[in-house]
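For reference, the structure is listed below as structure tokens.
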């Protein structure tokens, strides 16, 4: 089966079910997990779907809350979210960009938490709309449909007026050699600016993103303050990341 045929079947499946897992797609298409993963990443880069851990969802699901909309939730996200919440304190300014994990963190913010959340992600802002104490600052700019975030000079200009306490950075990959990298150039520049206006930077990383690299570098690993995973900090997958001056949670 040609790649184009596989990808068309993936989109048709999403059109019907709204969410799919990579395992199910592999069985449907009779190809390997890695082949399906590459197809899904390519379709996401073309703005045709949203990749989440273990699968993909239709863009229409992004208007719903994560627990109801993203649909593909597992213990890895739950563990990462619990660790991330330990970095968020009352009366702080929290900067959160795009990324699936940030949806879950936002949804799980305690109802008695009094913070300001700054984001370029309209759907994340919507998640917090019912929170009784969170003030939301939504950054302006051009809405980039492919990744469902605002980008551009206006977004960067808005950041000039802000000093964040903690920045939760979404990333596509992380490694000791190449640092943090993503698949979109302009977004990599925006993330660098977000780091500059933040006192601390944390990134939440699922296992499949560890020891990988993408085309556009954001920063060195050692530029981070925190790396948050679902693993024990002494796990062998994290060998090499330890003792680099970055706190691993």
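Laid out as a table, the results:
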{"item": "Pick from segment 175-188, criterion buried (at least 21 other Cβ atoms within 10 Å of the Cβ) and out of contact with any helix residue (DSSP H, G or I) (no Cβ under 6 Å at 6 or more places or on another chain), ranking: farthest from residue 119 (Cα to Cα)", "result": "180"}
{"item": "Number of positions in segment 196-224 that are in a loop (DSSP other than H, G, I, E, B), within 20 Å of residue 82 (Cβ to Cβ) and out of contact with any helix residue (DSSP H, G or I) (no Cβ under 7 Å at 6 or more places or on another chain)", "result": "2"}
{"item": "Number of the condition not met by residue 129 [criteria: (1) part of a loop (DSSP other than H, G, I, E, B); (2) more than 26 Å from residue 83 (Cα to Cα)]", "result": "(2)"}
{"item": "Residue 216 without any contact (Cβ under 8 Å) to a residue 60 or more places away in the chain and under 16 Å from the mean Cα position of the chain (by Cα)", "result": "yes"}
{"item": "Restricting segment 225-239 to residues that are in contact with a helix residue (DSSP H, G or I) (Cβ under 9 Å, 6 or more places away or on another chain) and either touching a residue at least 24 places away in the same chain (Cβ under 8 Å) or not in a loop (DSSP other than H, G, I, E, B) (or both), the residue that is nearest to residue 79 (Cα to Cα)", "result": "230"}
{"item": "Residue in segment 80-94 that is crowded, with 19+ Cβ neighbours inside 10 Å and modelled with pLDDT under 80 present", "result": "no"}
{"item": "Selection count where residues are over 14 Å from the mean Cα position of the chain (by Cα), surrounded by 15 or more Cβ atoms within 10 Å (Cβ to Cβ) and closer than 20 Å to residue 188 by Cβ, scope segment 219-241", "result": "5"}
{"item": "Filter result for the condition that a residue is modelled with pLDDT under 90, in the same structural domain as residue 204 (by TED's automatic domain parsing) and surrounded by 19 or more Cβ atoms within 10 Å (Cβ to Cβ), over 127, 118, 52", "result": "127"}
{"item": "Failed item in (1) crowded, with 17+ Cβ neighbours inside 10 Å; (2) over 14 Å from the mean Cα position of the chain (by Cα), with residue 191 passing the rest", "result": "(2)"}
{"item": "Residues satisfying the stated conditions in segment 141-163, i.e. at pLDDT below 95, assigned to a loop (DSSP other than H, G, I, E, B) and in contact with a strand residue (DSSP E or B) (Cβ under 8 Å, 6 or more places away or on another chain)", "result": "141, 148, 152"}
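The values are calculated or read from the model by the stated rules, or taken from the named source; none is laboratory data. Just so it is clear, the model here is predicted, and its values are computed rather than measured. Ideal geometry is used to build each Cβ from the backbone, glycine not excepted, and the neighbour counts take in all protein chains shown.
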